[in-house]
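The values are calculated or read from the model by the stated rules, or taken from the named source; none is laboratory data. The structure displayed is predicted, hence computed values, not measured ones. Here Cβ is always computed from backbone atoms with ideal geometry, including for glycine, and neighbour counts include all displayed protein chains. Side chains included, ligands, DNA and RNA excluded: accessible areas come from the protein's heavy atoms. Shrake-Rupley method; radii C 1.70, N 1.55, O 1.52, S 1.80 Å.
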Amino acid sequence: MSAPLLEVENLKKYFTLNGDLINRIAGNTQTLKAVDGISFHVNAGETLGLVGESGCGKSTTGRLITRLIEPTEGNIRLKGENLLAFDNTRMQSVRKEVQLVFQEPYSSLNPRKTIMQILGRPLEIHGLVTDWRAKRERVLELLNLVGLGHEHVDRYPHEFSGGQRQRIAIARALSVEPELVIGDEPVSALDVSVQAQILNLFRELQEKFSFAYLFIAHDLSVVRHISDRVAVMYVGKIVESGPVEDIFARPKHPYTQALMAAVP
């Protein structure tokens, strides 16, 4: 078998609470173990669902992988290379390979920029276009990929619905042709009917471009619909993982069983 696309080993992120100067002098600090020694892998072209209740450390994990925040300890390897050894310049090229789709599409899109500017900026940063005409053609192509049209290119984010804004966020992630897309609760802020549309879009795009997903969610029905494998996270640790059919048919850990029992 080929090596995994992404490998995470013993990843930890600890936050210091009450860390102001007076409390530190008095020794009154506390440590929050947001991510506490987790390990998992994502193979090329597959979808790993990372599921757990709010506050368990799922979103922190996504931000650690992209190094939006730095880990306390552990290893993150992309195609065998240790991301934690890279400087900021090298990480820019890595971020072309790993893209993040955030939970709330409105707050992740600059309200002062048009869709042309929002989708065109990554193309400029990574040197994927050479002139304005090529950039506009690529932006129109991206909009078409996610079910939007050329009439949307010069509008602003507030002129779109929540589902449309999330489509734009997905188009931005795909603009640099990544190998891994991390979806951080990408449908939880949407209506149920719109969730289904966006999930189907995720699947269609994956079939077309063969990239991998790390799909972070608390909704088990969403995870079951889109994932090949599932990792269940509880208070900073992964307590169970396996193929989606096995996890849903035969959950072993009491927390996983409780999550299943809570599904309507």
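Among the residues of the stretch 129-137, are any within 28 Å of I216 (Cβ to Cβ) and out of contact with any Asp or Glu (no Cβ under 7 Å at 6 or more places or on another chain)?
no
Among the residues of the stretch 221-255, count how many are crowded, with 20+ Cβ neighbours inside 10 Å and over 22 Å from the mean Cα position of the chain (by Cα).
0
What pairs can you find where one residue is in the stretch 189-210 and closer than 20 Å to N43 by Cβ, the other is surrounded by fewer than 18 Cβ atoms within 10 Å (Cβ to Cβ), and their Cβ atoms are less than 6 Å apart, with a gap of 6+ or different chains?
Within 6 Å, the pairs are S210/G45.
Go through (1) over 20 Å from the mean Cα position of the chain (by Cα); (2) open to solvent by less than 70 Å² (accessible area, probe 1.4 Å); (3) at pLDDT 90 or above; (4) not polar (S, T, N, Q) and name the single condition K33 misses.
(2)
Of all residues being at pLDDT 95 or above and among the hydrophobic types (A, V, I, L, M, F, W, C) in the stretch 217-243, which is nearest to L11 (Cα to Cα)? Just the residue, please.
Applying the filter and picking the extreme gives I238.
Looking at L143, L100, which is the one that is closer than 27 Å to F215 by Cα and open to solvent by 20 Å² or more (accessible area, probe 1.4 Å)? Walk me through how you get there before you give the answer.
On the way: L143 fails: open to solvent by 20 Å² or more (accessible area, probe 1.4 Å).
Exactly one of L143, L100 is closer than 27 Å to F215 by Cα and open to solvent by 20 Å² or more (accessible area, probe 1.4 Å), namely L100.
Checking D191 against (1) acidic (D, E); (2) touching a Gly at 6+ places or on another chain (Cβ under 8 Å); (3) crowded, with 19+ Cβ neighbours inside 10 Å: exactly one of these is not met. Which one?
Answer for D191: the failing condition is (3).
Applying the selection to the stretch 151-176, what residues are in a loop (DSSP other than H, G, I, E, B) and either open to solvent by 10 Å² or more (accessible area, probe 1.4 Å) or of a type outside the set (V, I, T) (or both)? Walk me through it before giving the result.
Looking only at the stretch 151-176, we keep the residues that are in a loop (DSSP other than H, G, I, E, B), and these are 153-156, 160-161, 175-176.
Correct list: D154, R155, Y156, F160, S161, S175.
How many of the residues making up the stretch 71-97 are open to solvent by 40 Å² or more (accessible area, probe 1.4 Å) and modelled with pLDDT of 95 or more?
Residues that pass the stated criteria total 4.
So for the stretch 170-193 (the condition being aliphatic (A, V, I, L, M), under 30 Å from Q117 (Cα atoms) and over 19 Å from the mean Cα position of the chain (by Cα)), does at least one residue qualify? Lay out the reasoning, then the answer.
Filtering the stretch 170-193 for residues aliphatic (A, V, I, L, M) gives 170-171, 173-174, 176, 180-182, 187, 189-190, 192.
With the extra rule that they be under 30 Å from Q117 (Cα atoms), the set shrinks to 170-171, 173-174, 176, 180-182, 187, 189-190, 192.
Now drop any that are not over 19 Å from the mean Cα position of the chain (by Cα), which leaves 192.
Yes, the conditions are met somewhere in the stretch 170-193.
What's the total number of residues in the stretch 76-102 that are part of a loop (DSSP other than H, G, I, E, B) and within 18 Å of D184 (Cβ to Cβ)?
Taking the stretch 76-102 and keeping what is part of a loop (DSSP other than H, G, I, E, B), we get 79-80, 86-87, 102.
Right, trim to within 18 Å of D184 (Cβ to Cβ) and you get 102.
Residues in the stretch 76-102 being part of a loop (DSSP other than H, G, I, E, B) and within 18 Å of D184 (Cβ to Cβ): 1 in total.
Looking for something at pLDDT below 95, on the phi > 0 side of the Ramachandran plot and out of contact with any Phe, Trp or Tyr (no Cβ under 6 Å at 6 or more places or on another chain) - is there at least one such residue anywhere in the stretch 196-212?
Within the stretch 196-212, one or more residues are at pLDDT below 95, on the phi > 0 side of the Ramachandran plot and out of contact with any Phe, Trp or Tyr (no Cβ under 6 Å at 6 or more places or on another chain).
Could you list all residues from the stretch 103-140 that are of a type in the set (D, E, K, R), part of a loop (DSSP other than H, G, I, E, B) and either open to solvent by less than 60 Å² (accessible area, probe 1.4 Å) or modelled with pLDDT of 90 or more (or both)?
Here is the first cut: in the stretch 103-140, the residues of a type in the set (D, E, K, R) are 104, 112-113, 121, 124, 131, 133, 135-138.
Filter again for part of a loop (DSSP other than H, G, I, E, B), leaving 104, 112-113, 131.
R112, K113, D131, listed by residue number.
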